[in-house]
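Just so it is clear, none of the values below were taken in a lab; they were calculated from the coordinates. The model shown is predicted, which means the values in this text are computed figures rather than measured ones. As a convention, Cβ positions derive from the backbone with ideal geometry for all residues, glycine included, and neighbour counts pool all protein chains shown.
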């Protein structure tokens, strides 16, 4: 299997989203605690400088399958996160020595290396901006910090989600001007300590005329480090509740998700489960049997051999996991393309927009008896669910900056993948940077045939043309 290191950021995010990894609800609640009065710095001439007295109100940590960290185990990483956030607000608001007349040359220091270059575009959103050239000092009046950690299975913190609520008073001669700044930050551990990888902030700072306040909002999502096409294989196992999703089960849904980072285009290409193909080391047979014969690894090798497309990662889930994930997100909104009434799958829908429960989404994904083209139509509907799931995730993320944490925890619980938990979280954060354009959803077709008394699909020129098309740049169609 191909493993292009530069391709991790983004493709795994789409893998997680497009395989319907939806979150368990976890909300951090903490009592409101008033910040203490800041202490002015002494021992130097010139304008007053104030200490930023951080109020770390609440710290929690959770991991897969309900893993919880003891408070003492989080003390050191929480203190490190607090130092990083305090450094950011010292640079941007509290310490005039670091303002440099509004240039803020050290602003990128609290950020992870991959985010630093783009931080300069958000100077006005993360700092006093041009007002720094007119203000003498800022007296902090509130600096409240809440921190949530994502833990791995060994209870080690791997990601931090911090909310900062800052307020102060800008001083200019005899004038006092209110300042406020709220930020949601995601941090990861680096060689230099905990550093910021993404943020969403809202600020209210005085204008250069110091006569009115200006409200700004900004956000930053990690960019994709590679301009080359990236590919993930999304596999839906036909495992029933209580059954292993790999042991003796078949691939009921098989989709290649291609991402073109440079153009910001996502393409989904479905492969019918009854496609008759060569399976490495196992002769020929239906492609869905590769999962039973050798797990997701053999399925990946089979798809790579069939399509010539190098797969960067895979994600796998079964019937029960699919149902639970859709339930966890509160359902999925989708446009049903035609009326359905299939007793075998339980798909009973009217044409048009609807909101699906977990059981209904599973019925739609399994329905082939009244889907146009049978297995082809079912694969197309599965692709539609993938697209709808991505929209749900983006909507959730816009409403709640901590949504990535909830989805990441659910991913570890409900699916199998060759991505680590850390990679998964970093990749989820990149979704907004590659999901701005419409997703292209198609299915390859072939002719029906009988082999050994079994009905199969033989893929022909149309299918191989689609494989070549996607392989070139990760985009279906030009």
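A few notes on this one:
- Residue 156-residue 136 FRET efficiency (beta carbon distance; Förster radius 30 Å; 0.05 resolution): 0.10
- Length added when fully stretched, residue 327-residue 357, from 0.36 nm per residue minus Cα-Cα: 10.2 nm
- Segment residue 305-residue 103, length gained on full extension (0.36 nm per residue, minus Cα span): 67.3 nm
- For the stretch 230-473: rounded, prolate or oblate by the Cα gyration tensor [a/c cutoff 1.5]: rounded
- Inter-centroid distance (Cα atoms) of the stretch 50-90 relative to the stretch 109-150, Å: 18 Å
- If you plug the beta carbon distance of residue 114 and residue 422 into 1/(1 + (r/R0)^6) with R0 = 22 Å, you get a FRET efficiency near 0.95.
- Exposure proxy order (Cβ contacts within 10 Å, fewest to most) of 190, 127: 190, 127
- Tensor-based shape of the stretch 43-131 (alpha-carbon gyration tensor, a/c under 1.5 rounded, otherwise prolate or oblate): oblate
- Three-way shape label, the stretch 252-356, alpha-carbon gyration tensor, a/c 1.5: prolate
- Computed lengthening from residue 68 to residue 182, 0.36 nm per intervening residue step minus Cα-Cα distance: 38.3 nm
- Packing here is the average count of other Cβ atoms within 10 Å per residue, and on that basis the peptides 404-410, 293-299, 101-107, highest first, run 404-410, 293-299, 101-107.
- Exposure proxy order (Cβ contacts within 10 Å, fewest to most) of 425, 380: 380, 425
- Modelled this way, with points 7 Å down the Cα-to-C-beta line, the labels at residue 172 and residue 282 are 7.1 nm from one another.
- Scattering curve values for the stretch 329-478, log₁₀ I(q)/I(0), Debye with Cα scatterers, q = 0.09, 0.17, 0.20 Å⁻¹: -0.38, -1.20, -1.32
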